[in-house]
1. What number of residues in segment 1-28 are open to solvent by 80 Å² or more (accessible area, probe 1.4 Å) and polar (S, T, N, Q)?
2. If you take the residues of segment 29-57 that are under 16 Å from the mean Cα position of the chain (by Cα) and part of a helix (DSSP H, G or I), which of them is surrounded by the fewest Cβ atoms within 10 Å (Cβ to Cβ)?
Amino acid sequence: QVLSDVFNAPVFTIDTANSACLGSAYRAIHGLVAERNVSLADVVKLAPEPKLAVTPTPGAEELYRPLLKRYAELEQKVIYNPASSC
């Protein structure tokens, strides 16, 4: 629920063990066939059907939007000037 609220997006799951690893494997396959103009959608056509797990809590976006903006600002500071961010 927290991910859904923070990013104001629905969260889907698939019924498989190690789904994060599976997603990484699909991205790796996509990288291997990228020069043939194969889309990621084509690569994952045989993936298990995702199921909606949660949707954003109404009003959560107003709470998290300023925090995400601040996080992005801090991330940019670290990327562009890592020595001064410590």
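The values are calculated or read from the model by the stated rules, or taken from the named source; none is laboratory data. Quick caveat: nothing in here was measured; it's all calculated off a predicted structure. With ideal geometry, Cβ positions are generated from the backbone for all residues, glycine too; neighbour counts draw on all protein chains shown. Quick note on the areas: whole protein, heavy atoms, side chains included, nothing else; ligands and nucleic acids left out. Shrake-Rupley method; radii C 1.70, N 1.55, O 1.52, S 1.80 Å.
1. Going through segment 1-28 one residue at a time, the tally reaches 2.
2. Ala41
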